[in-house]
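S.K.: Structure below; questions to follow.
The values are calculated or read from the model by the stated rules, or taken from the named source; none is laboratory data. Small disclaimer: the values here were computed from a predicted structure and weren't measured. Heads up, the Cβs are rebuilt from the backbone with ideal geometry, glycines too, and the neighbour counts pull from every protein chain shown.
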Amino acid sequence: MTAAPKARTRISPLGLTFLAVTSIGWGLNFPIMKYILSEWPPLSARGLSGIVGAAALALIALLQRQRLTVPRGMRLRLVLVSLLTISSWVAFMGLALVWLDAREAAVLAISVPVWVALLAWPVLGERLTALRAAALAVALGGIFILIGGNSLDASIGKLPGLLMALVGAVCVGLGTVLTKHFPLQMPPTSLAAWQIGIGCLPVAIAGIAFEQPNPAALSALGWASMAYLTLIQFCLCYVCWFVALERLPAATASIGTLLVPVVGVLSAAAMLHEPFGLREIIALAVALGGVALALRAQ
């Protein structure tokens, strides 16, 4: 009787491998998306690649013999959660990168688990402890160190991007909490296909309507970057993420995603030659510390 719980809580090496693939893939997305913005507008790049990625995930689900039909009672919840977790993140983070460096966007992404911890109080009834409040303060402190820049003018110039990234992070946090409150019981790959498709559709429509993207504007490297966003970010990483969740405790998976901003900051320095010095290291360490406090408070 005692062996079963131990088996369930044992860390799976295969689960850790899939988690590492997810975190590295999502981390590399920040500099790649920043590069795309030099050739294509943000809503079109993010929305259209997501639509193609959703179609590919649907095909993968069919090959896995997963059902794609959505139960009638789940449809409204699926749309709401998809708009919060996918649409808001894809749109707001894409727009934020117009004003922010890739490394700055990566650090802002760290705040998502903190917002989850805070929003779980009114939605799920999980008490807001002093430790959770301290976690938010510490995480925001790290963000302030990085976004603050070397002058007030530089900080004000980044304000639109900062606000958009934070709105996106808060929306993702709310969508995550609502998913816990109203579970979406579907096969994982099918669920990812629906969520990404529903979430990216309005973003793609807005991009086509207002940005009028021109495929001829994409260079060979631009097309390769779009392929990465579609096949790696939306397909491979999401499939690996759901596989990791099946094999790892939720807390372990949450802590593992802290690798995402680290990869984002380091890859931005290597690929885009963005600054990486003492200030970036301190900001990353402080923000990660805030999230670690939030996870400890769970």
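S.K.: Show the residue pairs that are 6+ apart or on different chains and have beta-carbon atoms under 7 Å apart, the first residue being within the range 7-29 and on the phi < 0 side of the Ramachandran plot and at pLDDT 85 or above, the second being assigned to a helix (DSSP H, G or I) and of a type in the set (Ser, Thr, Tyr).
M.R.: GLY27/SER267; LEU28/SER267
S.K.: What number of residues in the range 214-245 are part of a helix (DSSP H, G or I) and farther than 21 Å from ALA61 by Cβ? First the steps, then the outcome.
M.R.: Start the filter on the range 214-245 by keeping residues that are part of a helix (DSSP H, G or I), which leaves 215-217, 220-245.
Filter once more, keeping what is farther than 21 Å from ALA61 by Cβ: 215-217, 220-226, 228.
The qualifying residues number 11.
S.K.: So, one more: Please specify each residue of the range 244-261 satisfying the condition of being in contact with a helix residue (DSSP H, G or I) (Cβ under 9 Å, 6 or more places away or on another chain) and either modelled with pLDDT of 90 or more or among the hydrophobic types (A, V, I, L, M, F, W, C) (or both). Give the steps one after another, and end with the answer.
M.R.: First pass over the range 244-261, keeping only residues in contact with a helix residue (DSSP H, G or I) (Cβ under 9 Å, 6 or more places away or on another chain): 244-249, 251-261.
Selection gives ALA244, LEU245, LEU248, ALA251, ALA253, ILE255, LEU258, LEU259, VAL260.
S.K.: List the residue pairs whose Cβ atoms are under 9 Å apart, where the first residue sits in the range 163-181 and is closer than 14 Å to LEU80 by Cα, the second is small (Gly, Ala, Ser) and not in a helix (DSSP H, G or I), and the two are 6 or more positions apart or on different chains.
M.R.: GLY173/SER111
S.K.: Further question: Restricting attention to the range 38-84, which residues are under 18 Å from THR179 (Cβ atoms), in a helix (DSSP H, G or I) and among the β-branched types (Val, Ile, Thr)?
M.R.: Hits for the range 38-84 are VAL79, VAL81.
S.K.: Looking only at the range 264-287, count every residue that is hydrophobic (A, V, I, L, M, F, W, C) and surrounded by fewer than 20 Cβ atoms within 10 Å (Cβ to Cβ) and tell me the total. Before the answer, list the steps.
M.R.: Just the residues of the range 264-287 that are hydrophobic (A, V, I, L, M, F, W, C), to begin with: 265-266, 268-272, 276, 278, 281-287.
From what's left, surrounded by fewer than 20 Cβ atoms within 10 Å (Cβ to Cβ): 266, 269-272, 276, 278, 281-282, 285.
The number of residues fulfilling the criteria is 10.
Listed here are the residues, each with its yes/no results for (1) at pLDDT 80 or above; (2) touching a Lys or Arg at 6+ places or on another chain (Cβ under 8 Å).
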residue	(1), (2)
LEU191	yes, no
PRO213	yes, no
SER225	yes, no
LEU231	yes, no
PHE242	no, no
GLY264	yes, yes
MET271	yes, no
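S.K.: Identify all residues within the range 85-112 that are closer than 18 Å to SER38 by Cα, part of a helix (DSSP H, G or I) and of a type outside the set (A, V, I, L, M, F, W, C); write none if there are none.
M.R.: Within the range 85-112, GLY94, ARG103, GLU104 qualify.
S.K.: Moving to a separate point now. Need pairs with beta-carbon distance below 8 Å; first residue at negative phi and within the range 103-115, second buried (at least 24 other Cβ atoms within 10 Å of the Cβ) and among the β-branched types (Val, Ile, Thr); sequence gap 6+ or separate chains.
M.R.: Filtered contacts from the range 103-115: ARG103/VAL265; ALA106/VAL265; VAL107/VAL265; ILE110/VAL291; SER111/VAL291; PRO113/VAL291; VAL114/VAL291.
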